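All of the numbers you see were taken from the coordinates with simple rules; none came from a lab. This structure is a prediction, so every number in the text was calculated from the model and none was measured. Here the Cβ positions follow ideal geometry from the backbone for every residue, glycine too, while neighbour counts run over all protein chains shown.
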Amino acid sequence: MGQDLPRRRGADLPLQPEAVPLYSQIKNLLIARVIKGEWGPGEMLPSEMRLAAEYGVHQGTVRKALEEMAAQNLVVRQQGKGTFVSGSSMRHNPYHFFRLMPKNEGRETPTNEFVLVETAPATEIERSQLQLPPDRAEVVRSVRIRRFNGVPIIVERVAQPASVFPGLESLYRELTPETTYGLLERRYRVLIVKVTERLTATAASQEDAELLGVEAGTPLLEVHRIARAIDGQIVEWRVSRCRTESHEYVVELT
C-alpha cells in the first residue's frame, strides 16, 4: 500500500513526500497553525483521530508528528487528557529559562522591580540583535532589578520589538510581572521556545554599582540572551549582569 498523503488545507501543503517524511510534513503543518494562532499556549489540540481524519493520514502518522513536537517542547502530552501547546502554565517550573541559583542549593523566588520602561526608537545595536527591519525599528526597553531575599543580585536590560508587543509598556507598568514570558504567552499568544545565552565576565559600571549596591569595577557575570518564538522570530534581547558572591549560573544536562 502506498504512502498516504495529507489532504491540502488551503495553501498549507504539500511538501515533497519523497524528500520529507510524511510525519514531518504533518508536524510542520501543525506548527504553522500554532504560529498563526489557531491554538495558543496552554490550549488543547484536536485529538489524533480528528487530525488524522482532517489530513487523510493514518493516526500513527499524526502520533509521530506530535511526539516529535513534544520532544522539542512545543507541545505537552498528558495521558488521558490530550495534547496541549506548551506554555508557562504547562511547565512545572515557571522559571523554566532561569539559570542563576543560590550556591547554598536552597530555593529562592526572586522579586522584581522595573526601574525603567519605555517605548523608543531602537538603537543600532538593538536593531542588529533583534534583526529589526528599518520600518519597524521601535522597541519596548526595560531595566529590571531582581532581588533575592531583599538583596539586589541581577540587573537586566531588555529590548523587545514594539511591533510584536503593542501596549507592552503599559502592561509592564500595570502588572510588574515576575516572569515576562508567561505574560507574552497570555496576552500576545507568543510562545517562546528557544533561548540562546552567551556568558562572559565584566566589571560593574557606575550604573550597575548603584542598582546592585556594589562598588564600581566589581566583577560581575554578564549573560547575553536571545529569545525566539515558535516561528523563529527574535522577540527579546536581554543583557543580565549578576553578582556571584552567593549565586551561580547552573546548567543541567540530561
Relative contact order (percent, whole number), the chain, Cα cutoff 8 Å, 6+ residue spacing
17 percent
In sequence order, what are the phi-derived ³J(HN,Hα) couplings for the range 144-157 according to the Karplus relation 6.51 cos²θ - 1.76 cosθ + 1.60 with θ = phi - 60°, rounded to whole Hz, with x for glycine and proline?
9, 9, 9, 10, 10, 6, x, 9, x, 10, 10, 10, 10, 10
Give, rounded to the nearest 20 debye, the magnitude of the charge dipole that the range 153-217 has about its Cα centre when Lys and Arg contribute +1 at Cβ and Asp and Glu contribute -1 at Cβ.
500 debye
If every alpha-carbon in the chain counts as one equal scatterer, what log10 I(q)/I(0) does Debye give at q = 0.16 1/Å?
-1.19
Using each residue's phi in the range 219-231, evaluate 6.51 cos²θ - 1.76 cosθ + 1.60 at θ = phi - 60° and report the 3J(HN,Hα) Karplus result to the nearest Hz, with x for Gly and Pro.
x, 10, 8, 10, 10, 9, 10, 10, 10, 10, 7, 4, 8
Under 5 Å, built H, 5+ apart or other chain: amide partners of Ala204:
Gly217, Thr218, Leu220
Cα-based shape type of the range 22-86, given that a ≥ b ≥ c are square roots of the gyration tensor eigenvalues and the cut on a/c is 1.5
rounded
Cα-centre dipole for the range 22-86 with unit charges at Cβ (Lys and Arg positive, Asp and Glu negative), debye to 20:
40 debye
The set of residues whose placed amide H lies less than 5 Å from the amide H of Ala162, leaving out same-chain residues fewer than 5 positions away, is Glu138, Val139, Val140
For Asp231, Asp135, Asp208, order by how many other beta-carbon atoms lie within 10 Å, fewest first
Asp135, Asp231, Asp208
Selection from Ser246, Ala71, Tyr181, by position along the positive dipole direction of the chain (Cβ)
Ala71
Suppose the chain between Ser163 and Thr196 were pulled fully straight at 0.36 nm per residue; how much longer would it get relative to their current alpha carbon spacing?
9.7 nm
If we count other beta carbons within 10 Å of each Cβ, what is the order of Met49, Met101, fewest first?
Met49, Met101
For Ile230, distant residues with modelled amide H under 5 Å away:
Leu191, Val193
Compute, for the chain, the length of the dipole vector about the Cα centre, with Cβ point charges of +1 (Lys, Arg) and -1 (Asp, Glu) only. Units Debye, rounded to 20.
800 debye
Segment Glu222-Glu54, extension gain: residue separation times 0.36 nm, minus the distance between their alpha carbons:
55.6 nm
